[in-house]
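Since the structure comes first, as structure tokens, the remarks are kept for the end.
The values are calculated or read from the model by the stated rules, or taken from the named source; none is laboratory data. Keep in mind that this is a model prediction, so the values were computed, not measured. Counting neighbours? That spans all protein chains shown, and the Cβs are built from the backbone with ideal geometry, glycine included. Ligands, DNA and RNA are stripped out before the accessible areas are found, and what is left, the full protein with its side chains, is counted by its heavy atoms. Shrake-Rupley method; radii C 1.70, N 1.55, O 1.52, S 1.80 Å.
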Amino acid sequence: MDAYEAIITKRDTREYEARPVAEEHLQRLLQAARMAGSSKNEQPIRLVVVRDPMQKQALAACGDFTAHLSSSPLVIVVVRVEGSRPFDAGRTAQNMMVAANALGIASCPVGIQHDEPAREVLGLPDDQIVAMAITLGYPKGGDRPQGRGERRMSLGDFVSYERWGQGAG
Ligand SMILES: Cc1cc2nc3c(=O)[nH]c(=O)nc-3n(C[C@H](O)[C@H](O)[C@H](O)COP(=O)(O)O)c2cc1C
């Protein structure tokens, strides 16, 4: 799968096989995340790998839409230092999820709305904020996540040229 295909076929998938993500795959995902650029190369992002069932359950209680989190074989929490740009966390997370898709690993970002309890579960220092949790695993029912490309607006609605609302002309 080339980079373009890995990007455009990536769908957020919440059902995974129970088997763990292979260690060599995990290491590739972590490297893909580490190599994301950041503003001024400040590298304000850290990851916490969560596989322990009790930790997953505790983390699930820190978000409002986390129904599938406890049953995901792997959760990687993207953490950013206070005052850093959310964009840096987004780049890191997307690097990881696209690399995962290319390896046949499905994923889904999961919002962690309750920061204080999440901080406690993960033992984060005071200056660290949970940006996002990412659930990952081999997708159930096939070797690739199912594409749902029709769930996006048209390119015409999405893009303007030169000024807002202007078509390509
Ligand atoms: C910032 C952000 C937060 C999200 N939070 C959750 C979440 O808490 N729980 C969940 O199941 N999905 C979550 N999602 C996944 C979205 O529902 C998903 O990206 C969207 O429905 C598009 O899915 P698709 O790529 O499969 O079409 C989140 C996505 C983003 C980008």
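Can you find a residue in region 79-90 that is within 21 Å of Leu103 (Cα to Cα), within 16 Å of the ligand (Cβ to nearest atom), open to solvent by 20 Å² or more (accessible area, probe 1.4 Å) and modelled with pLDDT of 95 or more?
yes
I'm checking my understanding of the structure. Among residues of region 7-27 that are of a type in the set (D, E, K, R) and more than 20 Å from Asp52 (Cα to Cα), which one is least open to solvent (accessible area, probe 1.4 Å)?
The extreme case among them is Lys10.
Please state which of the following conditions Pro125 fails to meet, knowing it meets all the rest: (1) more than 14 Å from the ligand (Cβ to nearest atom); (2) crowded, with 17+ Cβ neighbours inside 10 Å.
Exception for Pro125: condition (2).
Got a number for residues in region 7-44 being touching a residue at least 40 places away in the same chain (Cβ under 8 Å) and assigned to a loop (DSSP other than H, G, I, E, B)?
Selection size over region 7-44: 17.
Exactly one condition in (1) over 16 Å from Ala106 (Cβ atoms); (2) within 16 Å of the ligand (Cβ to nearest atom) is false for Ser72; which is it?
Result: Ser72 passes all but (1).
So in region 36-69, with the set limited to residues that are of a type in the set (S, T, N, Q) and open to solvent by 20 Å² or more (accessible area, probe 1.4 Å), which one is farthest from the ligand (Cβ to nearest atom)?
Checking each candidate, the answer is Asn41.
Quick check: anything in region 98-121 more than 17 Å from Ser38 (Cβ to Cβ), surrounded by fewer than 11 Cβ atoms within 10 Å (Cβ to Cβ) and not hydroxyl-bearing (Ser, Thr, Tyr)?
Yes: region 98-121 contains one or more residues that are more than 17 Å from Ser38 (Cβ to Cβ), surrounded by fewer than 11 Cβ atoms within 10 Å (Cβ to Cβ) and not hydroxyl-bearing (Ser, Thr, Tyr).
Here is a yes/no grid of residues against (1) in contact with a Phe, Trp or Tyr (Cβ under 9 Å, 6 or more places away or on another chain); (2) under 17 Å from Met96 (Cα atoms):
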{"residue": "Arg34", "(1), (2)": "no, yes"}
{"residue": "Asn41", "(1), (2)": "no, no"}
{"residue": "Leu47", "(1), (2)": "no, yes"}
{"residue": "Arg51", "(1), (2)": "no, yes"}
{"residue": "Lys56", "(1), (2)": "no, no"}
{"residue": "Cys62", "(1), (2)": "no, no"}
{"residue": "Ala67", "(1), (2)": "no, no"}
{"residue": "Ser70", "(1), (2)": "no, no"}
{"residue": "Leu74", "(1), (2)": "yes, yes"}
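Scan region 51-58 and give yes if some residue there is charged (D, E, K, R) and within 16 Å of the chain's Cα centre (by Cα), otherwise no.
Yes, some residue in region 51-58 is charged (D, E, K, R) and within 16 Å of the chain's Cα centre (by Cα).
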